[in-house]
Amino acid sequence: MKRKQLFIVMLVLVAMMPPVRAQQVEVTSLTRLLPGIEEPAYYPVLDNTGGRLLFSTENGTLQLYDLASDVASIISLDYVAGNDACFGGDGKVYFVTQHTGTDHLVYRTGQCYDTATSTVQSLTQPQHGTLKAVPTTRGAAMRAPGAASRPWTAVTGSGAWTEGSRVHVIVDGDERVFSPVDSWAGYLWASLSPDGQRVAFFAAGKGVVIIDLRGQVVAMLGNYEMPCWYNNDYLVAQHATDDGHQFTSSQLMLLKADGTWQAELTQPASMTMHPTCGGGKIVYTTIDGLLYEMRINIYQ
């Protein structure tokens, strides 16, 4: 009898509990950026405030777009490969140009664009081999992976990048190297969370991985590409499919950083890709090179 009474009490308590509302996301605005641009724009990169945007044209010209004034200006006419440009924590633009030498080898040079003076300074000598700009909380560094894997420029602040199947994390100048998950084809697209406490990256065959500053895996978010932090709790990533020759679909996904929830921001047929986040904004491009700014509201 007592067990029956206890069961009835439990049912009453459950009935009195407020209903659990499912998490949802709403797209509150969607705006085409630079509608008058004459050529496709790819690889957008927002700064932390969402006020400035880097993008590359089809021929590799790097441009800077001020969203407030609606003005785009050319940073470099030299070829800049996709994903070879970033904003440093000091507000400057860091990028890598490349050209083919008389020996038919490709040479890369690290560059810095000062937005205050609109001038470009070379940070490295032209070199054959990989060179990448790594954003940090205080600036950026030019990394040249190799046997020594030493920075060409001083590393200050905190940041993250990948080399092969290793993720490198700089915490106030202290470098840590981790290989938290097996990946036959390596890692890509590492970035620090806004609070500097976690790192997101893509591992081939595994998807988006979140680790802490000790290299411990704290979440696996699914097989998506190009993850970027929307805020400390959410990321935006690309989900694309292909037939081995070309894309068959591509969409943007909102992912909760603890791996418990995800939602579509665009449809697979939209062919939307290359997401970047900053200041509560999401900017992306389409397969045809059209830039869009999206704003969202996450609620329960």
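Compute the angle between helix 2-16 and the longest alpha-carbon principal axis of the chain, please, reported from 0 to 90 degrees and rounded to the nearest 10.
50
Measure up 92/281; 92/206; 92/256 against 27 Å on the Cα-Cα distance and list the ones that go over.
On the way: 92/281 20 Å; 92/206 34 Å; 92/256 30 Å.
Table pairs above 27 Å Cα-Cα are 92/206; 92/256.
Need one number for the range 158-267: average projected area of the convex hull over its C-alpha atoms, nm².
Numbers: hull surface 27.0 nm².
Mean orientational projected area (the range 158-267, Cα hull): 6.8 nm².
Report, to one decimal in Å, the Kirkwood hydrodynamic radius for the range 162-203 based on all distinct Cα pairs.
Working: mean 1/r = 0.0940 Å⁻¹.
One decimal place: 10.6 Å for the Kirkwood radius.
Is it possible to state the helix-based mean residue ellipticity at 222 nm for the chain, with each DSSP H run of 4+ residues giving -39500 (n - 2.57), the sum divided by total residues, to the nearest 500 deg cm²/dmol? What is it?
Numbers: 1 runs with 15 residues, N = 300.
It lands at -1500 deg cm²/dmol.
Projecting each Cα onto the charge dipole of the chain (Lys/Arg +1, Asp/Glu -1 at the beta carbon, about the Cα centre), which of 119, 197, 88 comes out farthest on the positive side?
The Cα lying farthest towards the positive end belongs to 197.
Hull surface divided by four, with the convex hull built on the Cα atoms of the range 36-144: how many nm²?
Working: hull surface 28.1 nm².
The directionally averaged projection comes out at 7.0 nm².
Working from the alpha-carbon coordinates of the range 83-221, get Rg over Rh, Rh being the Kirkwood radius.
Details: Rg = 15.5 Å, Rh = 15.7 Å.
Answer for the range 83-221: 0.99.
What whole-number distance in Å separates the alpha-carbon centres of the range 266-285 and the range 26-53?
9
For the chain, taking Cα atoms only, what is the radius of gyration to one decimal and the Dmax to the nearest whole Å?
Expressed in Å, the Cα Rg and Dmax of the chain come to 21.8, 93.
Every number here is computed from the coordinates shown, using simple stated rules; none is lab data. Treat the numbers as computed from the prediction; the structure is a model and nothing was measured. With ideal geometry, Cβ positions are generated from the backbone for all residues, glycine too; neighbour counts draw on all protein chains shown.
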